[in-house]
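For reference, the structure discussed in these notes is given below.
The values are calculated or read from the model by the stated rules, or taken from the named source; none is laboratory data. Keep in mind that what you see is a predicted model, and the values were worked out from it rather than measured. Positions of Cβ are generated from backbone atoms using ideal geometry, with glycine treated the same way; all protein chains shown enter the neighbour counts. Remember, those area values only see protein heavy atoms, side chains included, never the ligands or the DNA or RNA. Shrake-Rupley method; radii C 1.70, N 1.55, O 1.52, S 1.80 Å.
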Amino acid sequence: MNEKVKCLIIGSGPAGYTAAIYASRANLAPVLYEGMQSGGQLTQTTEIENFPGYPEGIDANLMMADLRAQAERFGTDVRFGCITDVDFSCSPKKLTIDGEKIIEADTVIIATGASAKYLGLADEQKYMGKGVSACATCDGFFYRKKTVAVVGGGDTACEEACYLAGLCEKVYLIVRKPFLRASKVMQDRVFKNEKITVLFEHNTQSLYGEDLLEGAKLIKRKGEADEEIVDIKIDGFFLAIGHHPNSDIFKKYINTNEEGYILTEPFRPLTNVPGVFAAGDVADPIYRQAICAAASGCKSAMEAEKYLAAME
Ligand code: NDP
């Protein structure tokens, strides 16, 4: 017989764990599946400086470990595993774990977050793990005293460039526009860092190298009269061009926008399927902040509680 739960939470970022804290304190006995990246996107960053309550900042992995411990303290059953398929046509909902086990759930909270985007160059695959990475904090260590490039002009790119500058000899920041999109404070850190060279109006054309990555060919001012090819010698190529929401397996039942972000009711984390709620970055194309994810996790758990009470 299939296991049956009142509340199943998918994802282990701030949204998932906050939902778990609230759901377990409301006696919903939630089961939380961590997904591919235990602790979510924040485990790929270093320090969190903008989460309220930490005047000196906090190590991101430590914060996620604390959130998990808090959820477990109130009885959340945190499990390894990924949801690989769902059937939201019935009640209770049916969810497949790792392609094998099926769990039935009265309510589901989708907190699957978002994943790093790639440029789509064939060379990215070719040099994956041999110079190409989407996580400076995971892989930066391998490029100590070497030369690397970061692609992107947002907060993530600036943060990663600064982090890598602490390890590497030189860091190029490849930005497609003539300006950075990042917050002012992050821009200042980049411009003040002598190890970082910002290449505005550059796009990556290709990567090259015998076995490991050795360099990149960029196009400067693409499409303009003075367009030129720029060759940079690099050992590492870090993508920081944003994320796409992890909503694919739900799309058969759950409405999303064009980019795949789950659509919810205004001010409420309700999806188009009763009993299924969405929290965090998977449903947030605008703010994408840990504190916003945590808040929507809280709302989802409160809605799940309300839904279950109405069922009874
Ligand atoms: P953003 O969407 O903010 O920025 C993505 C960057 O990548 C933009 O500069 C964009 O260029 C560039 N880009 C996108 N596609 C391509 C492409 N195909 N080729 C070249 N460049 C490309 O993503 P972030 O991950 O930086 O940030 C997401 C959110 O998280 C933001 O709200 C940010 O403020 C927040 N954040 C906050 C942090 C903090 O407060 N400590 C740390 C990190 C993130 P263009 O500008 O031309 O569109």
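So for region 118-239: antiparallel DSSP bridges make up what percent, rounded to the nearest 5? Of those bridges, close to 40 percent are antiparallel.
For region 207-279, the convex hull drawn through the C-alpha positions has a volume of 178 cubic angstrom per residue. Of the chymotrypsin sites (Phe, Trp or Tyr not before Pro) found in region 108-164, none is in coil by DSSP with at most 12 other Cβ atoms within 10 Å of its Cβ. Straight-line cross-link reach from K306 at under 13 Å between alpha-carbon atoms covers these aspartates and glutamates, not counting any fewer than eight positions away in the same chain: D106. Look at where the Cα atoms of region 82-121 and of region 255-281 average out, and the two centres are 14 Å apart.
Each part reduced to its alpha carbon centroid, region 1-80 and region 158-202 end up 32 Å apart. Residues whose amide H comes within less than 5 Å of that of V78, counting only those at least five positions distant or on another chain, are L32 (H built at 1.01 Å from N in the peptide plane). Distances between every pair of Cα atoms in region 16-86, grouped in 10 Å steps from 0 to the bin holding the largest one, split as 21, 44, 30, 5, 0 percent.
How large is the accessible surface per residue of region 78-228, computed with a 1.4 Å probe and reported in Å² as a whole number?
Dividing the accessible area of region 78-228 by its residue count gives 51 Å².
Derived scalar couplings between HN and Hα for region 187-197 equal 4, 4, 4, 5, 5, 7, 7, 5, 7, 9, 10 Hz in order, rounded to whole Hz, by the Karplus curve 6.51 cos²θ - 1.76 cosθ + 1.60 (θ = phi - 60°), x for Gly and Pro. Working note: 222 nm ellipticity from helices only, DSSP H runs with n ≥ 4, each -39,500 (n - 2.57), summed and divided by the residues of the chain, gives -7500 deg cm²/dmol to the nearest 500. Taking the inverse of the mean reciprocal distance over all distinct Cα pairs, the Kirkwood hydrodynamic radius of region 112-260 comes to 16.0 Å. Taking θ as phi - 60° and the Karplus parameters 6.51, -1.76 and 1.60, the scalar couplings of region 110-121 work out to 8, 9, 7, x, 9, 10, 4, 8, 10, 6, x, 7 Hz in sequence order, x denoting glycine and proline. The Cα atoms of the chain define a convex hull whose projected area, averaged across directions, is 17.8 nm².
Of the peptides 216-228, 84-96, the order by per-residue mean of other Cβ atoms within 10 Å, starting with the highest, comes out as 84-96, 216-228. Considering only the Cα atoms of region 173-312, their convex hull presents on average a projected area of 12.8 nm². Annotation: cysteines of the chain without a disulfide-compatible partner (Cβ-Cβ under 4.7 angstrom) are C7, C82, C90, C158, C162, C168, C292, C298.
A simple packing score, the average count of other Cβ atoms within 10 Å per residue, orders the peptides 15-27, 165-177, 52-64 as 15-27, 165-177, 52-64, with the highest score first.
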